[in-house]
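Here's the structure, in structure tokens; my notes come after.
Bear in mind that the values in this text are calculations on the coordinates, not laboratory data. What you are looking at is a predicted structure, and each value in this text was computed from that prediction instead of being measured. Glycine also receives a Cβ, built like all others from the backbone with ideal geometry; neighbour counts cover every protein chain displayed.
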Amino acid sequence: MTEQFPQVVTIAGSDSDGSAGLQADLHTFFRRGVYGASILTAAVAGNSYGIHAAINMPTDFIDTEFKVLAEDYQIRAAKTGMLSDSELIHTVVKNLKLYDFGPLVVDPVIMTKHGNMLLEEEAYETLRKELIPLATVLTPNFFEAEKLAEMTITSDEEQRRAAYELKALGAKNVIVKGRHDSEEQKEVKDFVLLEDDTEIWLSESYIATDRVNGTGDTLSATIAAELARGIDVETAIRVAKKFVHRAISNEIEVGHKYGPINHWAGE
């Protein structure tokens, strides 16, 4: 009976303030009723004001993390977060091909929600060519979708077309998240392109708040959790969109500046 409970793993960095990264993923897994394991790729010393130091884990340590989990746990779904350089991406891709951890949700952490680049060009190309083709679901934010699709998105039709460009990179299912950085907007529209080319628009009201740290992590972690529970991809994406919207809508006062979303309101 030891393998009956749904188990999922996050392959990501530790964010010391708990608002994003591996910690946000584990918060999400707990709230979605799955057992969360983790493969630590990096560690960040940060708080609500910003990141102050960061370090990558040795690749042989990451190899061992994969190996020992595969030997003992029945991982039914996995997700990736920020992988900061080409060596880390190569290592994760190698291990994902070696071990069967079920469906893979790729959160391609390459640009901030404000459009700032997080990866060097070499690492970006490695992620694009090696990791994305392994994705069961790809979940870029608006600016990441523009970068990956190599186009500017200024309309619903361009958002839709970007999803097809991303699917052409090898991802089976794609979410192109809508832009959400203007207090004048009324809604946030995400476009979903499923493996069979089914097209879905998902919309929620825009919430003007600076409590949005971990939004992308939580969306992708929710999808992974639902897939680990045996839920189909479309339903998993719909559940994730609702969960994240509730978590943003009900603010939690943690930290002095850019705070986390409220996972405890997301149920």
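Once both labels are positioned 7 Å from their Cα atoms along Cα-to-Cβ, the gap between ALA168 and THR154 label points is 2.1 nm. Report the residue, chosen from THR139, THR59, THR198, that carries the largest GNM mean-square fluctuation when the chain is represented by alpha-carbon nodes joined by springs under 10 Å. Its mean-square fluctuation being the largest, the pick is THR198. Comparing TYR164, ALA145, ILE200 along the charge dipole axis of region 7-265, the residue lying farthest to the positive side is ILE200, per the Cβ-charge model.
Backbone geometry of region 47-54 corresponds, through the Karplus equation with coefficients 6.51, -1.76 and 1.60 at θ = phi - 60°, to 3J(HN,Hα) couplings of 9, 5, 8, x, 9, 10, 6, 8 Hz, x marking Gly and Pro. Across the chain, the relative contact order, built from alpha-carbon pairs under 8 Å that are at least six residues apart, equals 19 percent.
Dipole size of the chain about its Cα centre, with +1 on Lys/Arg Cβ and -1 on Asp/Glu Cβ: approximately 520 debye, rounded to the nearest 20. Couplings for region 229-239, taken from phi via the Karplus curve 6.51 cos²θ - 1.76 cosθ + 1.60 with θ = phi - 60°, read 7, x, 6, 6, 4, 4, 5, 4, 5, 5, 4 Hz in order; Gly and Pro are left as x. What the phi angles of region 22-38 give under the Karplus curve with 6.51, -1.76 and 1.60, with θ = phi - 60°, is a coupling list of 4, 5, 4, 4, 5, 4, 5, 4, 4, 5, 8, x, 10, 8, x, 9, 9 Hz, glycine and proline written as x. The modelled label-to-label distance between ASP85 and LEU118, using points 7 Å beyond Cα along the C-beta direction, is 1.7 nm.
Under 14 Å from a label point set 7 Å out along the Cα-to-Cβ vector of SER205, the amide N atoms of region 226-267 belong to 245-251. Length gained on full extension, ILE55 to SER16: 12.8 nm, using 0.36 nm per residue less the C-alpha separation.
Beta bridges per DSSP, both residues in region 1-102: antiparallel share near 30 percent.
Mean residue ellipticity at 222 nm, helices only, the chain: -11000 deg cm²/dmol; runs of at least 4 DSSP H residues each add -39,500 (n - 2.57), and the sum is divided by the number of residues.
Just TYR99, TYR49, TYR206 to compare: in a GNM of the chain, with alpha carbon springs under 10 Å, which one fluctuates most? Ranking TYR99, TYR49, TYR206 by mean-square fluctuation puts TYR49 first. Between amide H atoms placed 1.01 Å from N, distances below 5 Å from SER38 occur with THR10, all of them 5 or more places distant or on a separate chain. Going by a ≥ b ≥ c, the root eigenvalues of the Cα gyration tensor, does the chain fall in the rounded group (a/c under 1.5), the prolate group (a/b larger than b/c) or the oblate group? Judged from the Cα gyration tensor, the chain comes out rounded (a/c under 1.5). The GNM of the chain, with springs linking C-alpha atoms under 10 angstrom apart, assigns the highest mean-square fluctuation among GLY81, GLY33, GLY178 to GLY33. Distance between the modelled labels on LYS67 and THR198, one decimal in nanometres: 4.1 nm (7 Å Cα→Cβ projection). If you plug the beta carbon distance of ASP100 and GLU125 into 1/(1 + (r/R0)^6) with R0 = 25 Å, you get a FRET efficiency near 0.40.
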